[in-house]
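All remarks here apply to the structure that follows.
The values are calculated or read from the model by the stated rules, or taken from the named source; none is laboratory data. Owing to the predicted nature of the structure, the values given are computational and were not obtained by experimental measurement. A quick note on method: Cβ atoms are made from the backbone with ideal geometry, for glycine too, and the neighbour counts reach across all protein chains shown.
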Amino acid sequence: MKQFIYADNAATTKLDIDAFEAMKPFLLDEYGNASQPYSFARKPKQALKEARAIIAQCINAEPEEIYFTSGGTESDNWAIKGVAFTDPEKHAIITSQIEHHAVLRACEDIEKLGHPVVYLPVTKEGIVTTESLNSMITTSTLLVSVMYANNEIGTIEPIKELCEIAHRNGALFHTDSVQAVGHVHIDVKALGVDMLSASAHKFNGPKGIGFLYIKKGTPITSYASGGAQEFDMRAGTENVASIVGMAVALKKNCEAINENAKHLNMLEATLIDRLSAAGLDFVRNGSSKHIPGNISLSFKNRDGEVLLHRLDLMGICVSTGAACDTVNTKTSHVLNAIGLNQEYAQGTIRFSLGKNNVIDEINHIITALKSIFAKR
Ligand code: PLP
């Protein structure tokens, strides 16, 4: 029987079973609206409070600094659009060329309204350097938004250092940490960031739920008007079951973060060593400091799309780049930004391994790739 191997965890992850079990009561029995004053709403209300506290603890924030959203896209849009018009003296936004489209498109929206946006270049490893931010930041910069880790190539950015530069120049700092939360240690106080985006389905939580960390005192407008939910900042009846699932999944991943990273590093090393030993002509994209399990490989004179479909026929799920970008068959903006040679760029596939992957699956992937390459 064909073995099914899921190696696209940067696109989404399998829901953790404990998270699922924790969600069930709030879907079936404790379905009360958490905003109601009667006793039937007490459990959902308490569950929201506990989930907020658990999530805050996982990133060293205060519970009142966690705002539930529908996921990474909403959190990014809120962070950017919510501060863009708060200071009549400052308008400029600085971001990077390799951000997820949730940030890039939100910045383009702001640009259309007349606010200048600078898109910082990156090194060939995908790093946004402090030198480049220093050279572009001015006293009119309102916000700097740089992702914690890139979704396509896994590179981890020097967030603390970039944030210090932003603050020194009187600007706010936001980081899209959708690929990092639950996978690497995050301490918002140590980083100093003003806002941080996260999405539950990237750390074995349910889809359609996430959060935005907003440091106390950050000037930001509300995202949606209506009811007084989320401290009067994001109206709409809370998705209690998903919020509970998100908290359970995040806590579990954070408690096992070192163990998971060790396991993923071992799988990664095996994959790379064995592919190199097979004599295949490829480069690995990204920096040595990357999200565990994120492996972007570019094979010379190959077509990533064809590789994806051949692997799919063998039961293996990978991505050619960003999953949110499957309609776009051009070389991705990230591979362009790192200056990858076209003869390699076209043959790019991303394996993103997760905590559930095992060594037997890596062996299977290697055999599959070898047989694909032997055919031509
Ligand atoms: N930011 C990054 C870095 C991502 O990888 C993604 C999803 O792929 C998003 C934002 C969007 O998150 P969501 O799918 O929760 O809207």
For this session: Answer with yes or no whether Ile186 is surrounded by fewer than 24 Cβ atoms within 10 Å (Cβ to Cβ), out of contact with any Asp or Glu (no Cβ under 9 Å at 6 or more places or on another chain) and among the hydrophobic types (A, V, I, L, M, F, W, C).
Result: no
Seminar exercise, completed: Picked from the stretch 100-123 (must be over 20 Å from Gln179 (Cα atoms) and charged (D, E, K, R)), the residue farthest from the ligand (Cβ to nearest atom) is Lys112
For this session: Please indicate, with yes or no, whether at least one residue in the stretch 59-74 is in the same structural domain as Val248 (by TED's automatic domain parsing), touching a residue at least 24 places away in the same chain (Cβ under 8 Å), crowded, with 18+ Cβ neighbours inside 10 Å and at positive phi.
Result: yes
Exercise. Would the stretch 210-222 turn up any residue that is at pLDDT 95 or above, touching a Lys or Arg at 6+ places or on another chain (Cβ under 6 Å) and of a type outside the set (D, E, K, R)?
Worked result: no
Problem set entry | helices (runs of 4 or more DSSP H) contained in the stretch 3-87 and holding at least 3 residues within 16 Å of the ligand (Cβ to nearest atom) | 72-84
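Per-residue answers, yes or no, for (1) assigned to a loop (DSSP other than H, G, I, E, B); (2) surrounded by 16 or more Cβ atoms within 10 Å (Cβ to Cβ); (3) under 23 Å from the mean Cα position of the chain (by Cα); (4) aliphatic (A, V, I, L, M):
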{"residue": "Gly126", "(1), (2), (3), (4)": "yes, yes, yes, no"}
{"residue": "Leu133", "(1), (2), (3), (4)": "no, yes, yes, yes"}
{"residue": "Val144", "(1), (2), (3), (4)": "no, yes, yes, yes"}
{"residue": "Met147", "(1), (2), (3), (4)": "yes, yes, yes, yes"}
{"residue": "Ile153", "(1), (2), (3), (4)": "yes, yes, yes, yes"}
{"residue": "Lys160", "(1), (2), (3), (4)": "no, no, yes, no"}
{"residue": "His167", "(1), (2), (3), (4)": "no, no, no, no"}
For this session: Check the stretch 203-219 and report whether any residue there is within 16 Å of the ligand (Cβ to nearest atom), in a loop (DSSP other than H, G, I, E, B), in contact (Cβ under 8 Å) with a residue 60 or more places away in the chain and among the charged types (D, E, K, R).
Result: yes
Problem set entry | Check on Asn9, under 26 Å from Gly293 (Cβ atoms), outside the structural domain of Met233 (by TED's automatic domain parsing) and modelled with pLDDT of 95 or more | yes
Exercise. Within the group Ala19, Ala34, Ala47, Ala7, which residue is touching a helix residue (DSSP H, G or I) at 6+ places or on another chain (Cβ under 9 Å) and within 21 Å of Ile186 (Cα to Cα)?
Worked result: Ala19
Problem set entry | Number of positions in the stretch 18-52 that are under 18 Å from Gln229 (Cβ atoms), among the hydrophobic types (A, V, I, L, M, F, W, C) and in contact (Cβ under 8 Å) with a residue 24 or more places away in the chain | 5
